[in-house]
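The values are calculated or read from the model by the stated rules, or taken from the named source; none is laboratory data. From a predicted model like this one, the values you see are computed outputs, not experimental measurements. Here the Cβ positions follow ideal geometry from the backbone for every residue, glycine too, while neighbour counts run over all protein chains shown. Just the protein is used for accessible areas: all its heavy atoms, side chains included, with ligands, DNA and RNA removed. Shrake-Rupley method; radii C 1.70, N 1.55, O 1.52, S 1.80 Å.
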Amino acid sequence: MSGSKIVVTGASGVLGTAVHKAFEKALRCEVVGLKNKSTASHLVQLDLTDKEATKQKLEEIQPTWVIHCAAERRPDVAEKDPVGTQLLNVEVPGYLAELAKAINFTLVYISTDYVFDGRSPPPGGYTPELPTSPLQIYGQTKRDGETAVLQARQQGSRAVVLRVPVLYGPAPNNADSAVNILVDVVQDRSKESNMDDYGIRYPTNVLDIASFLVRLTDISPDTLPPILHYSANESFTKYQMCKIFADILGLNDMNHIKPVSTPPTGAGATSRPYNCHLSTAETEKLLPLECTGFRTWWEEYLHDGGK
């Protein structure tokens, strides 16, 4: 990676921030973080849906790697805005993959475990080559983004898909993460909440993914497989995560949170997979994962005031 130029898209998000900081800390490359609506002055503003502006900026930077973290990551929002989600999750990564060949960089496209339906995960989890079958618009668009990137790879672009599960880690606002937000739910006893105790999740720390990506860029891109999986191996429902947070925070009861052990139904409900456990066996042949323990990290983070 020494002498490389790294571009991180979505560098104001929870994952993008961690990735941007990890590459800066590595001190072996020049790092450019891209933002869209963020006010962060250390990041470069760029509307990735503007093809000409994106091409011009990347031609100007001449990156070695582009880590594409920007996406519409919220399933509920995707259902309400399928056109905007299609643009951001499919057309943008497809165009970046085309530029990877034209400008000569390697693209890492961050995807999701939601490309699988989670109905019957094989022992050890879903492997990268298994057929995908997303349940909702978010998963469908991320899968279609994968397809666009992998088609460009077949045409000579250097591109890799990295699938990850639900993420947590340092965040300016807990609402920025589907896991972090549960801390607020646990602490706000004035509001009763129904909490998913059905779907199995594998929460994974963005700091671990960021470290992995730094190490990944030390590997020759020509030797990388088309799809990699990165996931922690500890499994929880959202309700079980809430119980952990309550215990860490010293809260004696969670009477305001009601566990729901059935999948979401009714008008406005967004389907979510039951268990999309990702197999990381192929990834671990390349690099060790080095995943942080879920409770261990949260104990330190919350005892430090969430900083």
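Before moving on, here are some points about what is shown:
- Condition met for L135 (within 28 Å of I6 (Cβ to Cβ), open to solvent by 10 Å² or more (accessible area, probe 1.4 Å) and either within 17 Å of the chain's Cα centre (by Cα) or not acidic (D, E) (or both)): no
- Residues (touching a Ser or Thr at 6+ places or on another chain (Cβ under 6 Å) and over 23 Å from H20 (Cβ atoms)) located in region 81-115: T85, Q86, L87, V90, K101, V115
- Selection within region 219-237 - assigned to a helix (DSSP H, G or I) and open to solvent by 50 Å² or more (accessible area, probe 1.4 Å): D222, T223
- Complete set of residues in region 147-181 that are touching a Pro at 6+ places or on another chain (Cβ under 8 Å) and in a helix (DSSP H, G or I): A148, V149, L150, R153
- Flag if L289 is within 24 Å of L150 (Cα to Cα), among the hydrophobic types (A, V, I, L, M, F, W, C) and not in a loop (DSSP other than H, G, I, E, B): no
To keep it simple, each residue is scored yes or no on (1) modelled with pLDDT under 95; (2) under 15 Å from the mean Cα position of the chain (by Cα).
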{"site": "Y202", "(1), (2)": "no, yes"}
{"site": "R215", "(1), (2)": "no, no"}
{"site": "D222", "(1), (2)": "yes, no"}
{"site": "P226", "(1), (2)": "no, no"}
{"site": "N252", "(1), (2)": "yes, no"}
{"site": "H256", "(1), (2)": "no, no"}
{"site": "L278", "(1), (2)": "no, yes"}
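- The set of residues in region 38-84 being without any contact (Cβ under 8 Å) to a residue 12 or more places away in the chain and farther than 30 Å from P273 by Cα consists of T39, S41, H42, Q45, D47, D50, E52, A53, Q56, E60.
- Residue count, region 65-88 (criterion: touching a strand residue (DSSP E or B) at 6+ places or on another chain (Cβ under 9 Å) and either over 19 Å from K37 (Cα atoms) or of a type in the set (S, T, N, Q) (or both)): 2
- Taking every residue in region 138-158 that is under 16 Å from P273 (Cβ atoms) and pairing it with any residue that is open to solvent by less than 10 Å² (accessible area, probe 1.4 Å) and assigned to a helix (DSSP H, G or I), at least 6 positions away or on another chain, the pairs with Cβ-Cβ distances below 6 Å are Y138/A78; G139/V115; T141/T85; T141/N89; K142/N89; K142/V115; R143/V115.
- From the list N180, N194, the one residue that fits, being touching a helix residue (DSSP H, G or I) at 6+ places or on another chain (Cβ under 7 Å), among the polar types (S, T, N, Q) and closer than 27 Å to F245 by Cα, is N180.
- Scanning region 184-215 for residues that are open to solvent by less than 50 Å² (accessible area, probe 1.4 Å), of a type outside the set (K, R) and part of a strand (DSSP E or B) returns S193, M195, D196, I200, T204, N205.
- Hits in region 278-296 (condition: closer than 16 Å to R201 by Cβ and either touching an Asp or Glu at 6+ places or on another chain (Cβ under 8 Å) or open to solvent by 50 Å² or more (accessible area, probe 1.4 Å) (or both)): L278, C291, T292, G293, F294, R295
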